[in-house]
Amino acid sequence: MILAVVTSILAPAPHRQVLVADKEMQMAVMKGLEQAISNLNSISKNAVPKASAQAINRVASRAISRSTKRVSAETRIQQKLIRQRARLKRASPEQNPPRAVLSINRGNMPAIKLGAARLQLSRRSGGIRKGSVLKIGRFTFRNAFIQQLSNGRWHVLRRVGHARYPIEVVKIPLAQPLTEAYREESASLLQSDMGKEMGYALKNQLRLHLLRRVR
């Protein structure tokens, strides 16, 4: 039996990161659970697949939670905005092996999504100088302004030179922190939590089976 978390990292460079429990990890997960699995298989052919799917889904959900907190702390972006980047396709008992898929949008976040915007005059040495700064959430952007683009969307723009043009859409880089967080947290949780969650799930399936027999 192989349990796996598959992480799909989307944009700007689409690729798939597959984290599969290797042989050593499988042995660690199975150690101490062989008898429970054997007992469940003897009384119900569906109990072990259900337990496997339940365990991997819990680990995958925990990977989202931990990665979200980590990236939020590193980037100062609200957790709810980071959490929206992840989509979980839950493992099913019908799959062989059970497999949860995390799809992560790691594209840069437009500054306009960071929160309410407000303009603030820049002050230096007690005097007001020309120009202002744009504050959005916890971020401050100098020489920036909000404007509606030709596609109808509003964005925070910033001049990148002294001339009127060119200008660029202001974005917060997320590719590296998201990729590192999900890779490392998924691998770590497979090692640390998979065995425990599998044990809990097997006990729960056994309890449910016994309750059905009593009824």
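The numbers here are math on the coordinates, done by the rules we state, and not lab data. As the structure is a computational prediction, the values presented were derived from the model and not from experiment. Because the Cβ atoms are built from the backbone with ideal geometry, glycine has one as well, and the counts that use them run over all protein chains shown.
Points worth noting:
- The residues packed around residue 60, meaning those with a beta-carbon under 12 Å from its beta-carbon, carry a net charge of +4 if Lys and Arg are +1 and Asp and Glu are -1.
- Peptides ranked, highest mean first, by Cβ atoms within 10 Å: ranges 136-149, 170-183: 170-183, 136-149
- Neighbours of residue 112, meaning other residues whose beta-carbon lies under 11 angstrom from its beta-carbon, give a summed charge of +3 when Lys and Arg score +1 and Asp and Glu score -1.
- Along region 134-148 the Karplus relation, 6.51 cos²θ - 1.76 cosθ + 1.60 evaluated at θ = phi - 60°, assigns HN-Hα couplings of 9, 10, 9, x, 8, 10, 10, 10, 8, 6, 10, 8, 9, 8, 7 Hz to successive residues, with x for each Gly and Pro.
- By other beta-carbon atoms within 10 Å, ranking 52, 92 with the fewest at the front produces 92, 52.
- Listed cross-link partners 135/171; 113/135; 89/171; 45/196; 50/203 are compared with a 19 Å cut-off, the Cα-Cα value being larger for 89/171; 45/196.
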